[in-house]
Structure formats: C-alpha cells, structure tokens
Amino acid sequence: MSIRDRETKKVRAMILTALLMALIMVLTFATKIPVPSTQGYVHLGDAMIFMAVIILGRRYGTVAAAFGSAMADIVGGYAIYAPVSFLVKGTMAFVLATFLARALEKSRAHSMILAGTGMILAGLVMAAGYYFAESLLYGNFLVPVAEIPMNILQFVVGIAVSLPLAGTLGKTQAGRDFAYPINRHDDSRRAATAGK
C-alpha cells in the first residue's frame, strides 16, 4: 500500500469516526427518556455505538463511543455524567470490539449470533459501569439499583436496532468496509486486523 493510500485510508477513518461520533451524540440526545429515580436517562445511542464498533473497529469505534456519549451528556444538560459516559461507553465499545475480533477470527459461520453475544456482554459491562459510577456519585449503593433494569432495556433495544441494521448493511457494498463484517463470509481476514 502506498503512502498516499495509507493517508487516504486514515483520513477516511477519521471522517467516519467524526460522523459516527455525531450520530451517537444525536441519537443519545434526541431520544432521551428521563429516569426520575436516578436523574439519568435512557436512549437509542447504544445502537449507534454498536454500529460504530462494527464499522470502525476497536480504536476508532471506542473513540466515537466515548466522545459521542460524553458530548451528548454535555449538550443535554447532564455534564456531571460526561466523564462517566466517556469511560463507560468507551469501555463498552472496547469490550464489544475485543470480543468480535477474537470471536470472528475463530468462526465466521455464526457472525450474527457472535455479534449479539458480544453486544450483550458489552451492554452488561455498561450497566455495571454506570451502577458503580453512580454509587460513587450518590454515595449510596442502593439508589443506582433502580437504573440497572433501564440500562439493560437500553442496550437490548440497541441490539434490536443495530443487529438487523448491521446484518442488512453487511450484505451490501458498504459492508465490505466494515471492520467486523456481519453476514459476509468472503472477507475473513478483516476481523483479524480490525482496530490495530
């Protein structure tokens, strides 16, 4: 690959990262449903976080998730949560990307099931991360328990939206450029190199 091709690829990755970061922010901010018991909210941003990881891979998907989620908190009036969202959503994306890289490297036959499993694992990490962070913020380990079911619902809805979307887009020309191809059996080498 020539220097020009590498530069073009890097610029393209940065543009897609910025675009997906903005989409994560918009879907998080525009679809928020307040949870009065914890002063937080649930949203559709997790669906775009899952898509960002599938499209961009570990490095850029994690960046898009962390910054997009933190920006949504700042713009939405929840600035106190911005550092928490940055860490928790970034970790959520990193966990999904790491799972997908290892799982798809071993087997491509059940990519939708593997992606769904990775999303569940990443979502549970997110729910646990917010629980512990809110426990520290509130100085109470009982109050944040009320948000656990909402966080679980949030990532389940994210899976319900992103998995069919990734599967459908994965069958198109756009799917050829996914870091972690879903439903594409003709490009097994991508999963091994994604996010490096």
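The values are calculated or read from the model by the stated rules, or taken from the named source; none is laboratory data. In this text the structure is predicted, and so the values were computed from the model without any measurement. As a convention, Cβ positions derive from the backbone with ideal geometry for all residues, glycine included, and neighbour counts pool all protein chains shown.
Could you say whether any residue in the range 32-42 is surrounded by 16 or more Cβ atoms within 10 Å (Cβ to Cβ) and at pLDDT 95 or above? Checked the range 32-42: no residue is surrounded by 16 or more Cβ atoms within 10 Å (Cβ to Cβ) and at pLDDT 95 or above.
Annotation: residue 106 fulfils all but one of (1) over 17 Å from the mean Cα position of the chain (by Cα); (2) within 23 Å of residue 25 (Cα to Cα); (3) of a type outside the set (A, V, I, L, M, F, W, C); the unmet one is (2).
None of 54, 120, 113, 49 is surrounded by fewer than 24 Cβ atoms within 10 Å (Cβ to Cβ), modelled with pLDDT of 95 or more and assigned to a helix (DSSP H, G or I) except 120.
Can you tell me which residue within the range 144-185, out of those that are part of a loop (DSSP other than H, G, I, E, B) and among the hydroxyl-bearing types (Ser, Thr, Tyr), is farthest from the chain's Cα centre (by Cα)?
By that ranking, first place goes to 172.
So in the range 87-103, with the set limited to residues that are under 12 Å from the mean Cα position of the chain (by Cα) and among the small types (Gly, Ala, Ser), which one is nearest to residue 67 (Cα to Cα)? Checking each candidate, the answer is 90. The combined condition, being without any contact (Cβ under 8 Å) to a residue 40 or more places away in the chain and either touching a Phe, Trp or Tyr at 6+ places or on another chain (Cβ under 8 Å) or of a type in the set (Lys, Arg) (or both), is not fulfilled by residue 142. Residue 141 meets all of the listed conditions (1) out of contact with any strand residue (DSSP E or B) (no Cβ under 6 Å at 6 or more places or on another chain); (2) part of a helix (DSSP H, G or I) but one, namely (2). Looking across the range 27-46, the residues that are touching a residue at least 40 places away in the same chain (Cβ under 8 Å), outside any helix (DSSP H, G or I) and touching a Phe, Trp or Tyr at 6+ places or on another chain (Cβ under 9 Å) come down to 32, 35, 38, 40, 43. Candidates in the range 1-60 are the residues that are under 12 Å from the mean Cα position of the chain (by Cα) and of a type in the set (Lys, Arg); of these, the one that is farthest from residue 93 (Cα to Cα) is 59.
Yes/no matrix, rows are residues, columns are (1) more than 23 Å from residue 176 (Cβ to Cβ); (2) without any contact (Cβ under 8 Å) to a residue 24 or more places away in the chain:
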site	(1), (2)
51	no, no
62	no, no
66	yes, no
106	no, yes
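Does residue 96 meet the test of being in a helix (DSSP H, G or I), modelled with pLDDT under 95 and within 21 Å of residue 168 (Cβ to Cβ)? Taking the combined requirement at face value, the residue does not satisfy it. Please indicate, with yes or no, whether at least one residue in the range 158-166 is buried (at least 17 other Cβ atoms within 10 Å of the Cβ), within 16 Å of residue 41 (Cβ to Cβ) and in contact (Cβ under 8 Å) with a residue 12 or more places away in the chain. Scanning the range 158-166, I find at least one residue that is buried (at least 17 other Cβ atoms within 10 Å of the Cβ), within 16 Å of residue 41 (Cβ to Cβ) and in contact (Cβ under 8 Å) with a residue 12 or more places away in the chain, so the answer is yes. If I ask for residues that are in contact (Cβ under 8 Å) with a residue 60 or more places away in the chain, out of contact with any Asp or Glu (no Cβ under 8 Å at 6 or more places or on another chain) and either closer than 21 Å to residue 24 by Cα or of a type in the set (A, V, I, L, M, F, W, C) (or both), which ones from the range 109-139 would you list? Passing the criteria: 109, 112, 115, 119, 122.
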